[in-house]
């Protein structure tokens, strides 16, 4: 069972080594289960609020944010290494050893390598061949920062990558959420977008 000590140990090893460290195939699933259990406990504490539990709740929130921060930094370390692995494979045309990666990370590596290879072909190879091509980047379309959604079924509290706690939310409740979390709930069928209530 994954715990904070194991998370911190994995982070320390990743930070202390230039090469990417080997993870078990179910590592990210274990991380998800770890936070799921934590959120259930958090919800219990909120439902039994008192002068005593308020102090416990505040401490528990700090612990969850600490754990989330460790995981975010750990992921960022591995993300950078995977991007470098992709660049190395494209630049040298030598096969990269992906055995240390989890299935999710292998998928990321494959996609990133494909993107880098396509960009190299469209820019570098064509430029060297004297071909004129449109190298401009498309202008990013501005999108709203937050969406208002109506919750269709009870949603357990969850930790965002911004280290903010969201929820728990009850069925029928209208809440304003950052775009990615609003879309996450909508995609899971747990909420519906209220089209006329979008804020910048």
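Only the coordinates and a few stated rules stand behind these numbers; no lab work does. Keep in mind the model is a prediction, meaning the values are calculated, not measured.
Some observations on this one:
- By the helix-only formula, in which each DSSP H run with n ≥ 4 contributes -39500 (n - 2.57) and the sum is divided by residues, the chain has a 222 nm mean residue ellipticity of -18000 deg cm²/dmol.
- Shape class of segment 146-199 from the alpha-carbon gyration tensor: oblate, with a/c at 1.5 or above and b/c at least as large as a/b.
- Cα-based shape type of segment 1-139, given that a ≥ b ≥ c are square roots of the gyration tensor eigenvalues and the cut on a/c is 1.5: prolate
- Between the helical axis of 27-47 and the longest alpha-carbon principal axis of the chain there is an angle of about 20 degrees.
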